[in-house]
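*Asks:* Have a look at this one.
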2 protein chains.
Amino acid sequence: MTGSTSQDLSRLAQQKELQGEYAALKAKGMKLNLTRGKPSAAQLDLSAELLALPGAENFLAEGATDVRNYGGLQGLVEARRLFAGMMGAPAEQVVVANNSSLELMHDCIAFALLKGTCDSAAAWGRQGETTFLCPVPGYDRHFKICEEYGIRMISVAMREDGPDIGEVERLAASDASIKGMWCMPKYSNPTGITFSDKVIERLASMKTAAPDFRLLWDNAYAVHHLTDERVEIANILELCAKHGHANRAFVFASTSKITLAGAGLGLFAASKENVRWLLARMTPQTIGPDKLNQWRHVLFLKNEAGIWALMERHRALIAPKFQKVLEIFQEKLASVPGASWTKPKGGYFISLEVPKGCARRVVELAQDAGIELTPAGATHPGGKDPEDRTIRIAPTFPDLAEVAQAAEGVALCVLLAADETGTPAT
Amino acid sequence: MTGSTSQDLSRLAQQKELQGEYAALKAKGMKLNLTRGKPSAAQLDLSAELLALPGAENFLAEGATDVRNYGGLQGLVEARRLFAGMMGAPAEQVVVANNSSLELMHDCIAFALLKGTCDSAAAWGRQGETTFLCPVPGYDRHFKICEEYGIRMISVAMREDGPDIGEVERLAASDASIKGMWCMPKYSNPTGITFSDKVIERLASMKTAAPDFRLLWDNAYAVHHLTDERVEIANILELCAKHGHANRAFVFASTSKITLAGAGLGLFAASKENVRWLLARMTPQTIGPDKLNQWRHVLFLKNEAGIWALMERHRALIAPKFQKVLEIFQEKLASVPGASWTKPKGGYFISLEVPKGCARRVVELAQDAGIELTPAGATHPGGKDPEDRTIRIAPTFPDLAEVAQAAEGVALCVLLAADETGTPAT
């Protein structure tokens with residue numbers, strides 16, 4: 001036998017084996033979902049107290065504020081104080097809203113399109129094209145807002161220390177239609193990457209052609225650590241102010257992955273002028289947020305130590321799931337050329353890079369075997385991953401045994417897809 | 001003495017007396033607020049149960065929906081069923097949102113400006129001027145949304161049976177920039193007027209120059225009766241469909257004045273196509289509403305009978321306040337030429353018409369005596385009441401004794417202002 005024939009035979013045997021394993025996987029009739037960064041029921045149980053708070057007699061907050069009645073557009077002062085540290089801003093520069101920080105981001109953009117920011121000569125919608133810089137891979141829901149309103153998106157590569165800052169500086173300085181940039185500065189979705197202090201300072205200090213340029217600073221995972229190392233980042237609001245661009249950053253966060261995913265609090269922080277602007281825009285929109293839910297959160301979380309303690313309990317539940325996925329990927333995929341994955345120190349996602357041109361196929365194979373993954377491409381503007389490589393893995397929702405099964409299944413699909421396209425494991 | 005001198009003397013004596021009474025009123029140092037339609041603490045107490053619901057173990061709704069987690073953009077099906085009758089639409093055409101129906105109205109308009117409705121050839125914002133018809137007196141917060149976005153407002157007079165429908169038909173048919181009309185069809189703010197079935201049918205059937213014309217049907221007081229007569233109105237959605245304009249009406253309501261003013265539920269109902277449109281617009285905005293609060297409401301209100309029973313308890317608290325105001329106005333103001341007031345069968349307001357050119361002065365005098373009233377003019381677009389006559393009285397928030405004091409005070413201020421402008425009581 002020639003060497004080539006021997007290789008062919010071994011390849012054939014390997015294919016057969018993979019196909020056999022895949023048939024067995026399908027036969028299990030699994031129904032697993034790794035699509036979205038949803039907390040598990042066990043995580044939601046950690047905030048069970050919220051479900052009976054505040055109690056029938058407990059509704060008077062500071063200043064005799066009846067939390068049941070109308071008013072209080074900026075949110076309860078107790079809630080603003082509670083989250084001031086996490087938001088990196090004094091309580092008077094924090095807005096506590098209803099249950100969705102995505103809604104705050106959407107509304108800030110809609111308000112800017114309709115009315116302009118406090119630094120705009122006119123509404124964005126009347127200044128011609130609006131463009132946003134989009135670090136990729138990134139969060140599909142950010143991109144969806146841009147798509148909805150015809151905002152042009154320019155992809156910028158994510159590096160180990162954040163977006164390619166040289167490219168960002170070059171673009172922002174040269175194109176006045178660039179009005180915004182999506183940033184997830186800590187434990188970014190989906191890569192888990194954290195922006196370095198240097199990158200953050202350059203974002204704060206860079207020259208922008210648009211005087212009303214905004215960083216949409218989605219600090220969704222501010223306190224969502226997965227290791228003993230509590231990664232901290234530079235304070236974007238302070239740095240923007242220091243460099244003479246006090247209004248540059250809109251900071252967002254929420255308690256969706258601290259307390260209850262659907263019934264938490266959306267948070268906003270910015271310069272005083274930006275806060276005045278947002279409250280002015282919200283004045284015709286609403287009489288005020290649900291202060292009663294804010295009051296529940298104040299009573300439940302109490303203070304920053306309360307937030308930290310709760311986040312430790314989340315970590316105890318989800319860190320083993322991340323660990324398990326990483327172990328399985330290491331075991332099964334280490335030998336696949338072109339396959340790699342992030343090892344996040346926090347957040348909700350692992351970003352899996354598969355061999356070029358394989359991501360869609362992996363997702364398809366997984367789906368056929370009952371494992372639902374975020375559509376390939378979702379991590380890129382327009383749903384188009386030019387290399388068809390990135391798959392977002394969200395391990396928090398299923399239980400540990402299911403996560404292991406799902407990760408094994410995904411790894412198998414990667415091997416199969418790689419084999420189909422001629423990049424089998426070595 | 002001549003007759004004239006005798007009249008002058010009597011007039012002088014009357015003035016002296018009024019001024020003395022006003023000085024005494026000021027000396028009381030009252031601090032009363034009749035500005036906004038806020039429920040009183042006693043009304044909020046009726047929903048005290050909500051403050052401890054659902055309880056730590058109760059979070060699974062129909063279809064194993066975990067109400068604590070993400071999702072469910074249209075709202076819990078149980079909540080949509082609960083309010084279907086009140087909204088006059090099947091549950092699948094109801095959207096249950098967060099705590100503010102004003103926010104739903106605002107957002108519908110913002111979405112239409114940015115994207116157009118499902119019947120629009122283009123975004124309203126790209127079709128030139130946008131105009132709304134505004135029955136007056138009306139609700140200041142409706143007008144504020146129009147002001148915010150530069151929507152031209154055309155005032156239409158309110159009659160006993162609703163807006164001047166002939167004028168509405170004439171305007172809507174002739175001007176394609178007229179894209180919307182504010183309507184509070186039942187117990188309207190501030191007049192308490194209810195649209196007749198005939199007016200409602202003509203609104204549903206009329207020809208409009210704009211194919212994407214919308215009735216913003218704010219049925220805020222759908223179940224908010226003040227008498228034994230539960231006024232019912234024609235079903236706008238059914239009538240619009242019958243006349244071939246199925247998408248014409250956006251119906252809004254909320255539980256702000258059923259359960260908790262700041263922590264209730266905002267409600268939307270419309271044609272299937274409109275609901276699809278709204279959900280498509282909300283998809284980039286939010287992952288879903290606070291289902292946990294919807295679940296609380298389902299557990300607390302239970303069914304329509306639960307809503308009726310609760311509204312009876314509200315009525316028991318607030319009807320006497322309305323009665324007291326009306327008695328005092330009758331006693332003090334019946335003899336003032338040009339003074340009149342509405343006797344609402346439901347809702348939250350009494351509309352007081354004072355002699356021409358007196359409204360601002362009455363509000364000023366009242367304020368100086370510690371009684372805060374809604375600014376004169378607020379009931380008209382741009383805050384401009386051309387005759388300076390309409391004052392909105394909101395008697396629900398203070399307790400009964402305070403309401404009586406405030407009404408006495410307001411009546412005195414009307415007498416004084418009328419005297420100043422030469423229309424004294426006869």
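The values are calculated or read from the model by the stated rules, or taken from the named source; none is laboratory data. Given the structure is predicted, the values throughout are model-derived calculations rather than measurements. Note: ideal-geometry Cβ built from the backbone for every residue, glycine included; neighbour counts use all protein chains shown. Accessible surface areas use protein heavy atoms only, side chains included; no ligands, DNA or RNA. Shrake-Rupley method; radii C 1.70, N 1.55, O 1.52, S 1.80 Å.
*Asks:* Residues in the stretch B:332-340: is at least one under 20 Å from B:LEU32 (Cβ atoms), open to solvent by less than 20 Å² (accessible area, probe 1.4 Å) and either at pLDDT 95 or above or among the acidic types (Asp, Glu) (or both)?
*Replies:* The answer is yes, given that some residue of the stretch B:332-340 is under 20 Å from B:LEU32 (Cβ atoms), open to solvent by less than 20 Å² (accessible area, probe 1.4 Å) and either at pLDDT 95 or above or among the acidic types (Asp, Glu) (or both).
*Asks:* Something else about it: On the given criteria, is B:LEU73 surrounded by fewer than 24 Cβ atoms within 10 Å (Cβ to Cβ), part of a helix (DSSP H, G or I) and either facing another protein chain (nearest Cβ under 10 Å) or in contact with a Gly (Cβ under 7 Å, 6 or more places away or on another chain) (or both)?
*Replies:* no
To keep it simple, each residue is scored yes or no on (1) over 30 Å from A:ALA56 (Cβ atoms); (2) among the hydrophobic types (A, V, I, L, M, F, W, C).
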{"site": "A:GLY264", "(1), (2)": "no, no"}
{"site": "A:SER271", "(1), (2)": "yes, no"}
{"site": "A:TRP277", "(1), (2)": "yes, yes"}
{"site": "A:ARG281", "(1), (2)": "yes, no"}
{"site": "A:LEU292", "(1), (2)": "no, yes"}
{"site": "A:LEU299", "(1), (2)": "no, yes"}
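*Asks:* State yes or no: is B:GLY409 among the small types (Gly, Ala, Ser), buried (at least 22 other Cβ atoms within 10 Å of the Cβ) and in contact (Cβ under 8 Å) with a residue 40 or more places away in the chain?
*Replies:* So B:GLY409 passes the test.
*Asks:* Has the stretch A:85-104 got at least one residue that is over 25 Å from A:LYS186 (Cα atoms), in a helix (DSSP H, G or I), more than 9 Å from chain B (Cβ to nearest Cβ) and in contact with a strand residue (DSSP E or B) (Cβ under 7 Å, 6 or more places away or on another chain)?
*Replies:* Within the stretch A:85-104, not a single residue is over 25 Å from A:LYS186 (Cα atoms), in a helix (DSSP H, G or I), more than 9 Å from chain B (Cβ to nearest Cβ) and in contact with a strand residue (DSSP E or B) (Cβ under 7 Å, 6 or more places away or on another chain).
*Asks:* Test each condition in (1) within 23 Å of A:ASP140 (Cα to Cα); (2) not in a loop (DSSP other than H, G, I, E, B) for A:PRO190 and report the one that comes out false.
*Replies:* The single condition A:PRO190 does not satisfy is (2).
*Asks:* Okay, next question. How about the stretch B:141-158: which of its residues are within 14 Å of another protein chain (Cβ to nearest Cβ) and of a type outside the set (Ser, Thr, Tyr)?
*Replies:* Correct list: B:ARG141, B:HIS142, B:PHE143, B:LYS144, B:ILE145, B:CYS146, B:GLU147, B:GLU148, B:GLY150, B:ILE151, B:MET153.
*Asks:* Tell me, yes or no, whether the stretch B:353-373 has at least one residue that is among the polar types (S, T, N, Q) and part of a helix (DSSP H, G or I).
*Replies:* Taking every residue of the stretch B:353-373 in turn, at least one turns out to be among the polar types (S, T, N, Q) and part of a helix (DSSP H, G or I).
*Asks:* While we're looking at this one, here's another question. If I ask for residues that are under 31 Å from the mean Cα position of the chain (by Cα), open to solvent by less than 50 Å² (accessible area, probe 1.4 Å) and more than 7 Å from every other protein chain (Cβ to nearest Cβ), which ones from the stretch B:40-66 would you list?
*Replies:* Selection gives B:SER40, B:ALA42, B:GLN43, B:LEU46, B:SER47, B:LEU50, B:LEU53.
*Asks:* From the list B:ALA112, B:ALA56, pick out the single residue that is assigned to a helix (DSSP H, G or I) and of a type in the set (A, V, I, L, M).
*Replies:* Exactly one residue qualifies, and that residue is B:ALA112.
*Asks:* Going through the stretch B:138-154 one residue at a time, which ones are open to solvent by 20 Å² or more (accessible area, probe 1.4 Å) and in contact with a strand residue (DSSP E or B) (Cβ under 6 Å, 6 or more places away or on another chain)?
*Replies:* Within the stretch B:138-154, B:ARG152, B:MET153, B:ILE154 qualify.
*Asks:* For A:LEU18, only one of the following conditions fails: (1) open to solvent by less than 60 Å² (accessible area, probe 1.4 Å); (2) more than 30 Å from A:GLN405 (Cα to Cα). What is its number?
*Replies:* (2) is the only condition that A:LEU18 fails.
*Asks:* Then there is this: Hey, among the residues in the stretch A:280-302 that are under 25 Å from the mean Cα position of the chain (by Cα) and within 10 Å of A:GLU78 (Cβ to Cβ), which one's most open to solvent (accessible area, probe 1.4 Å)?
*Replies:* A:VAL298
*Asks:* Looking only at residues in the stretch A:307-339 that are in contact with a strand residue (DSSP E or B) (Cβ under 8 Å, 6 or more places away or on another chain) and of a type outside the set (A, V, I, L, M, F, W, C), which one is farthest from A:ALA42 (Cα to Cα)?
*Replies:* This residue is A:GLY338.
This table checks each residue for (1) under 23 Å from the mean Cα position of the chain (by Cα); (2) within 26 Å of B:GLY71 (Cβ to Cβ); (3) surrounded by 21 or more Cβ atoms within 10 Å (Cβ to Cβ).
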| residue | (1), (2), (3) |
| --- | --- |
| A:GLU238 | yes, no, no |
| A:ALA241 | no, no, no |
| A:VAL251 | yes, yes, yes |
| A:SER256 | yes, yes, yes |
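*Asks:* Just give me the residues in the stretch A:229-279 being within 14 Å of chain B (Cβ to nearest Cβ), polar (S, T, N, Q) and not in a loop (DSSP other than H, G, I, E, B), in sequence order.
*Replies:* Selection gives A:SER254 alone.
*Asks:* Right, something else. For the stretch A:113-122, which positions are within 13 Å of A:ALA210 (Cα to Cα) and either within 14 Å of another protein chain (Cβ to nearest Cβ) or open to solvent by less than 30 Å² (accessible area, probe 1.4 Å) (or both)?
*Replies:* A:GLY116, A:THR117, A:SER120, A:ALA122
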